[in-house]
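*Asks:* Structure below; questions to follow.
What follows draws every value from the coordinates through simple rules; no lab data is involved. Just so we're clear, the structure is a prediction, and the values are computed from it rather than from any experiment. Using ideal geometry, Cβ is built from the backbone for each residue, glycine included, and neighbour counts are taken over all protein chains shown.
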């Protein structure tokens, strides 16, 4: 239903209406609120075809929402939009690439926060090798040097 509506609006020729329809589809992709009868891949494919539309306004709208595409579709669409003759479309595609990278970083941080590594024992160094027991090295050095500085001798 959404794909048919998008195609109908684009075919009507009003680039502002097409821009609004593309943005609405992109928001639904981001929010994950597509109706059950709408195939996710079909919608992304319909939006990807609009990268070859004659109007820069429509291509600009696609560039604004392409960061919501799945990875395989994003790479192809993003590359096409970065090579677009219109500088505003290229700038929007660049911004979408930055948003996509930021989202991937956030996802990676969230994934790292949920899978915390186990703590290593205090008897191992950060490289996993055993450390000598018996206090810290700096504590032994400090006590030996302070005894000699204070003039205490064992004579």
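*Asks:* Look at residue 3 and say whether it is part of a helix (DSSP H, G or I), crowded, with 20+ Cβ neighbours inside 10 Å and either on the phi > 0 side of the Ramachandran plot or in contact (Cβ under 8 Å) with a residue 24 or more places away in the chain (or both). Before the answer, list the steps.
*Replies:* Numbers: part of a helix (DSSP H, G or I): yes; crowded, with 20+ Cβ neighbours inside 10 Å: no; either on the phi > 0 side of the Ramachandran plot or in contact (Cβ under 8 Å) with a residue 24 or more places away in the chain (or both): yes.
No.
*Asks:* Would you confirm whether or not the stretch 51-60 contains a residue that is in a helix (DSSP H, G or I), in contact with a helix residue (DSSP H, G or I) (Cβ under 7 Å, 6 or more places away or on another chain), touching a residue at least 12 places away in the same chain (Cβ under 8 Å) and surrounded by fewer than 18 Cβ atoms within 10 Å (Cβ to Cβ)?
*Replies:* Yes, that holds for at least one residue.
For every residue, the table says whether it meets (1) loosely packed, with under 14 Cβ neighbours inside 10 Å; (2) in contact (Cβ under 8 Å) with a residue 40 or more places away in the chain; (3) within 15 Å of residue 71 (Cα to Cα).
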position	(1), (2), (3)
8	yes, no, no
13	yes, no, no
18	no, yes, no
38	no, no, no
44	no, no, yes
48	no, no, yes
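*Asks:* Now a separate question. Going through the stretch 63-94 one residue at a time, which ones are within 15 Å of the chain's Cα centre (by Cα), free of Cβ contacts under 8 Å to residues at least 24 places away in the same chain and surrounded by 11 or more Cβ atoms within 10 Å (Cβ to Cβ)?
*Replies:* Those that are within 15 Å of the chain's Cα centre (by Cα), free of Cβ contacts under 8 Å to residues at least 24 places away in the same chain and surrounded by 11 or more Cβ atoms within 10 Å (Cβ to Cβ): 75, 78, 94.
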